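What follows draws every value from the coordinates through simple rules; no lab data is involved. Quick caveat, the model's predicted, so the values are computed rather than measured. Here the Cβ is made from the backbone with ideal geometry for all residues, glycine too, and neighbour counts use every protein chain on show.
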Amino acid sequence: MKETAVEPYRDIDFSQAKRGPVVKPEPGKTKISIRLDNSVIDSFRALADQAGGGNYQTLINDALVAYLHQQTVLDAVRQVVREELKAAKAAPRRARSHQATPRSKAAAAGR
């Protein structure tokens with residue numbers, strides 16, 4: 001087992017300490033801890049650098065929102081197609097007219 005060095009006891013006086021500002025979270029955002037592949041983090045950091053700096057975490061959030069929006073649109077299109085197919089199956093079919101066409105008259109005459 002690896003031995004670790006223990007920091008010696010320090011007598012620190014906090015009697016004159018002041019609390020720093022509390023940063024309020026943005027509305028609609030939640031702070032979480034998540035594990036991502038290093039390659040994912042590196043890619044988003046590179047994208048942020050290419051864009052002239054900025055927060056790679058915002059880019060990850062934007063990518064996730066875009067994915068959710070894409071899935072929502074695909075689900076909506078699938079639902080519309082299902083409804084249209086169901087309506088087409090349920091609708092009565094028009095009876096074909098059995099009127100003779102010039103081609104069928106020629107076939108009937110033995111030509």
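What nm distance separates the two modelled labels at SER33 and ALA90, each placed 7 Å from Cα along Cα→Cβ?
Output for this residue pair reads 5.2 nm.
Going by average Cβ neighbours within 10 Å, how do the peptides 66-78, 23-35, 49-61 rank, with the highest at the top? Mind showing how you got there, number by number?
On the way: 66-78: 10.0, 23-35: 5.9, 49-61: 12.0.
So the peptides 66-78, 23-35, 49-61, ranked by packing, come out 49-61, 66-78, 23-35.
So what is log10(I(q)/I(0)) for the stretch 38-90 at q = 0.12, 0.26 1/Å, when the Debye sum runs over its Cα atoms only?
For the requested q values the scattering log ratios are -0.46, -0.92.
Set the Förster distance to 41 Å, then compute FRET efficiency between THR72 and ASP11 from the Cβ-Cβ distance, nearest 0.05. Walk me through the numbers on the way to the answer.
Numbers: r = 59 Å, r/R0 = 1.43.
Rounded to the nearest 0.05, the efficiency is 0.10.
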